[in-house]
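The values are calculated or read from the model by the stated rules, or taken from the named source; none is laboratory data. Keep in mind that what you see is a predicted model, and the values were worked out from it rather than measured. We place every Cβ from the backbone using ideal geometry, glycine too, and count neighbours over all the protein chains shown.
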Amino acid sequence: MDIGILGAATVGQARARHLADTGHDETVANSRGPESLREVSRNWKAGLPPVTSGMR
């Protein structure tokens with residue numbers, strides 16, 4: 001299943017990790033853009049999910 005997650009704070013990160021671990025494809029976006037997600041993604045077991053240029 002393809003899933004979009006808006007926000008990469010505590011809840012968004014936990015949801016993304018859980019979905020990746022269970023085999024789902026997710027895209028993560030936040031208002032600060034993809035560069036702000038690089039550091040967060042380094043800690044994710046499944047690696048870097050696709051990121052968008054930011055919410056509008």
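Things worth noting here:
- Cβ separations smaller than 7 Å between residues 6+ apart or across chains give the following pairs from the range 10-24 residues that are at pLDDT 85 or above to residues that are surrounded by 16 or more Cβ atoms within 10 Å (Cβ to Cβ): 12/5; 12/28; 15/5; 19/26.
- Selection over the range 25-43 of residues that are modelled with pLDDT of 65 or more and either in a loop (DSSP other than H, G, I, E, B) or in contact with a Lys or Arg (Cβ under 6 Å, 6 or more places away or on another chain) (or both) gives a count of 4.
- Here residue 48 meets the list (1) modelled with pLDDT of 85 or more; (2) part of a loop (DSSP other than H, G, I, E, B); (3) under 11 Å from the mean Cα position of the chain (by Cα) almost entirely, failing just condition (1).
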